[in-house]
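Remarks on the structure that follows.
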Amino acid sequence: MSTTDFNQQLSSLSGPLHTFAYKLTKNSEEAKDLYQETAFRAISNVDKFIPGTNLKAWLLTIMKNIFINNYRKNVKTRTIIDSTENLYYINSGTASISNNAESNIMMDELGSMVESLDESLRVPFEMHYLGHKYQEIAETLNLPLGTVKSRIFFARKELKEMIEKRYQASRP
């Protein structure tokens, strides 16, 4: 098969090759790169193609193998080799250590805001926060159910106002 015939057949198969490349990569730019790499390898190895066999199958096999090789390279580059003694960092993927200081400070601030609530609002709110049902709270505190619900509502409302006031003031 002459180079001209091969190039014509390759260009006539560009549609199915592009479609297959997109199915593999799920990205149009990567599919174009994969098609280009396949065409380059096919043209540079045209002497290995046996005339009379299925050219489309040969090209699809080349494309699939290129895709698999690229995938394996990407997996290897994302793997972290840990040389520490206890293998603590192996495949951790991050170089940073999480720090809960910010959330601890926020919880301390919220705790102090809850503590500053009037006792009539704070106690039902804390009980509800701890998982008690409205009816349980009402029975424990000897209050009507509606009163418990309204006190929890007003505690939430007051806390929301405190939080908005606190963090609105700290914004530039």
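Which of the residues that make up the range 46-58 are within 40 Å of the chain's Cα centre (by Cα) and surrounded by fewer than 12 Cβ atoms within 10 Å (Cβ to Cβ)? A57 - this is the single residue of the range 46-58 that is within 40 Å of the chain's Cα centre (by Cα) and surrounded by fewer than 12 Cβ atoms within 10 Å (Cβ to Cβ).
Tallying residues that are outside any helix (DSSP H, G or I) and either surrounded by 13 or more Cβ atoms within 10 Å (Cβ to Cβ) or not assigned by TED's automatic domain parsing to the domain that holds K56 (or both) within the range 3-45 yields 1.
Annotation: of all residues in the range 59-94 being of a type in the set (A, V, I, L, M, F, W, C) and loosely packed, with under 10 Cβ neighbours inside 10 Å, the one that is modelled with the highest pLDDT is V75. If I filter the range 47-57 for residues that are free of Cβ contacts under 8 Å to residues at least 12 places away in the same chain, among the aliphatic types (A, V, I, L, M) and assigned to a helix (DSSP H, G or I), do I get at least one hit? Scanning the range 47-57 turns up at least one residue that is free of Cβ contacts under 8 Å to residues at least 12 places away in the same chain, among the aliphatic types (A, V, I, L, M) and assigned to a helix (DSSP H, G or I).
The values are calculated or read from the model by the stated rules, or taken from the named source; none is laboratory data. None of the values given here were measured: they were computed from a predicted structure. Note that each Cβ is placed from the backbone with ideal geometry, even for glycine, and that neighbours are counted across all protein chains shown.
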